[in-house]
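All remarks here apply to the structure that follows.
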Amino acid sequence: MSTGNEYSVSDIERSIQSDMGVLVTIPDTPGSFIRFDVKKKGDKAGWCVYYVNEHCVVALYGSWISGQRYEWVNKDKKEITPEIRREVEESRKRRDEEIRAEQNRVADASTELYAALPAASDDFPYLMRKGIKNHDGILRYNEEGDYLGSYIAAPLFNSSGEIRSLERIYPDGKKRFMQGGEKKGCYCVIGDLEDKAFLCEGYATGASIYESTGIPVVIAFDCHNLKPVADALRDRVKLIAVADNDEKESGANPGLECAKETGLYYVLIPEAGMDANDYAQKHGADALKELLCPSASEWIEDGDEYLKSPQPMKWWIKNWIPEEALVMLYGASNAGKSFIALDMLLTMSTDLGSWQGFRAKKANCLYLCGEGRAGLRGRVAVWVQEHKGSTTGNFKVSKGPKRLNEQSDLEYACQQIDLSGMNPDVIVIDTLNRHFSGNENDAEEMGGFIESCTALQERYHSTVIIIHHTGVSKDAEGRARGSSSLNAAIETAICVTNEDGYLTLNQTKQRDIEKLPPLQVHLRGATIKGWFDEDGEPVRSAVVESIEESERDIPETLPAGEEMTILTDAWLWSGCGIKEGYPALTKGELRAYMKEELKWGRGQIKRAFYTDSQYRYLRKLQESCRITVEEEQIFIVNRADITACFLLEKEGKHHEHHTGTI
């Protein structure tokens, strides 16, 4: 054909293959409405119509299953003009009318044939092989048959109760629908529809369900017809979908996917490659009934079971990191959060057995690294070096972040974890911000991230530790940044603060046990042996270490009166300040005195200013009403102590230096 605009239908065929993944042969008949198979042989769910004139070639095509629609125009034309689009649509409408007329013709022929056929007997080979019966004479027997031989016929009714087509089932199990007949939204019913019914694909499946449960069944004949049938009956009866388990190596499961699309409550046959009939034949009708109509709840259990079978919490790190939990480790920038997480993970992956004095179990540990991979290498190397090891054990690291709240990235992450051969027990996400796309303050968007973390937790039965930042405003300094929905979802929250390399871990949330007192560790710098930078300088990193044992042996009290003596000496040493009529000094001046005069270490001084333990220096004096503290200022308020201060000042004396520890 020559129109001044040369074309080849192969161009249209290639476009359909590219867009829909279907190989199709298009006849050289412009203006005709063409149907082709999409999912399986004979479904005729794809359509195409194309139009040719002296200016261009344009094609419209799509799928009735997915509802998708595509346009193609030959390369010499950039757009479809309204006139051409109108002509194509008119051609399509004409073809739709032709299809409807053909469906009506097939419906009339099917109705006439069905009425003329006798009921099929239960000894028809297909029924015997499937172990089912012809219920209520629904199936009719055609002894004369067609080119494939004799068959039994199942009617397809529309919502008005009219037969629109027939499904022919042959002795060997082959199935064919009447050519040109209507299927979408049509169904067949076993039993009487009242309040409740099961919805399934084929007759054998439906008969097995009905025979085992006695509950009516609606047969949709095809998984892609489940939703149209569900929509047609949604207001008439309560439906429960029974999904064929079409699990494939590719991961696709059309039976399950189509059942989900209905929006109905569904039951999936638990064994791959089986439908309800297969399940009943293998395990028996009673097993199928228990699956579809369980006699006892598998989800709700009696409270007394908790008295019979106590299940104490299980821990990866005792009293710090629970098993199969969501944990948040948070703090300001450079607080040392990543160092703490890494120290925990490597302790578990190398099976050291103890973390900071708490029992730690061996675990497969995965570190999802969002940034600073070069620095992470140094941290890992120095940790192994300082712990006299040679390996990181069961420890793996990602090459970069993924936006885990985006389904495509979450699926990619899971695929890569599976390909690594690892089943992680503990997963660290460092940081939330680098693995999240959206607004941290938006509860709905943060909820999507939490759902992704929960999906990882459930898929691998793992604990997920989220590293996060604190807020920047003064009011938000002590809490995690963003929506409160995150804090509500987690079981354990640990806040990390850093003062001069001394890290304090404070449990701000423990869902099921009492919170522990704050834990202090030291972040010590260390040179990595054998590592040099581009200038030949040794590479340094840092490692978490316990407070030295000498600093841990803290006496409950100093010798009698020594607390006040230290404070008085510090007041004299700092210049005998007077404020509001009282001898006064600042906490900074007291710290300086302890460091420079008493030669206390940083850990000793740090603990002297803790606020929540019996060993805290200032609190003892406050409780005995000898001082008051207002923010950074310390006032000596006891009358006898004030007198002693003034006498010492007058004499120009102070006590000998003390070396006690706090």
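Things worth noting here:
- Total formal charge among the other residues, if their Cβ is under 15 angstrom from that of residue 580, Lys/Arg +1 and Asp/Glu -1: -2
- Where trypsin sites (Lys or Arg not before Pro) fall in DSSP loop in segment 4-48, at most 12 other Cβ within 10 Å: 40, 41
- Mean separation of Cα contacts under 8 Å (6+ apart) over length of the chain, as relative contact order %: 6 percent
- Computed from the C-beta positions of residue 373 and residue 252, the FRET efficiency with R₀ = 30 Å rounds to 0.30.
- Compared with the alpha-carbon gap, the fully stretched path from residue 420 to residue 23 is longer by 139.4 nm at 0.36 nm per residue.
- In this simple spin-label model, placing a label point 7 Å from the Cα along the Cα-to-Cβ direction at both residue 407 and residue 487 gives a separation of 3.2 nm.
- Rg to Rh, two decimals, where segment 175-216 supplies the alpha carbon set and Rh follows Kirkwood: 1.03
- Net charge of neighbours whose Cβ lies under 10 Å from the Cβ of residue 398, counting Lys and Arg as +1 and Asp and Glu as -1: +3
- Equivalent ellipsoid semi-axes, segment 279-342, via Cα gyration tensor eigenvalues times 5, rooted, Å: 45, 18, 10
- Cα gyration tensor category, rounded, prolate or oblate, for segment 171-315 with a/c compared to 1.5: prolate
- Of the chymotrypsin sites (Phe, Trp or Tyr not before Pro) in segment 244-297, the ones in a loop by DSSP (not H, G, I, E or B) with at most 10 other beta carbons within 10 Å are 265.
- Rh (Kirkwood; distinct C-alpha pairs) - the chain, Å: 32.4 Å
- DSSP bridge orientation in segment 108-292 - percent antiparallel, rounded to nearest 5: 65 percent
- Between residue 304 and residue 439, full extension at 0.36 nm per residue minus the direct alpha carbon distance yields a gain of 44.2 nm.
- Using only the C-alpha atoms, the convex hull of segment 315-546 corresponds to 132 Å³ per residue.
- Fewest-first ordering of 461, 468 by other beta carbons within 10 Å of each residue's beta carbon gives 461, 468.
- Ranking of 347, 497 by count of other Cβ atoms within 10 Å, fewest first: 497, 347
- FRET E, pair residue 261, residue 479, Förster distance 45 Å, beta-carbon r, rounded to 0.05: 0.60
- Rg to Rh quotient for segment 276-433, alpha carbon positions, Kirkwood Rh: 1.12
- Cβ-derived FRET efficiency at R0 41 Å, residue 391 paired with residue 602, nearest 0.05: 0.80
- Here is the list for segment 243-273: GluC sites (Glu not before Pro) lying in DSSP coil, each with at most 16 other C-beta atoms within 10 angstrom of its C-beta, are 249, 271.
- Legend: ranking of residues 48, 56 from fewest to most surrounding C-beta atoms inside 10 Å; resulting order 56, 48.
- Mean ellipticity per residue at 222 nm, deg cm²/dmol - from DSSP H runs of n ≥ 4 across the chain, formula -39500 (n - 2.57): -10000 deg cm²/dmol
Read the figures in this text as sums done on the coordinates, not as results from a lab. Since we're looking at a predicted model, the values are computed, not measured. In this analysis, Cβ positions are derived from the backbone assuming ideal geometry, glycine residues included, and neighbour counts consider all displayed protein chains.
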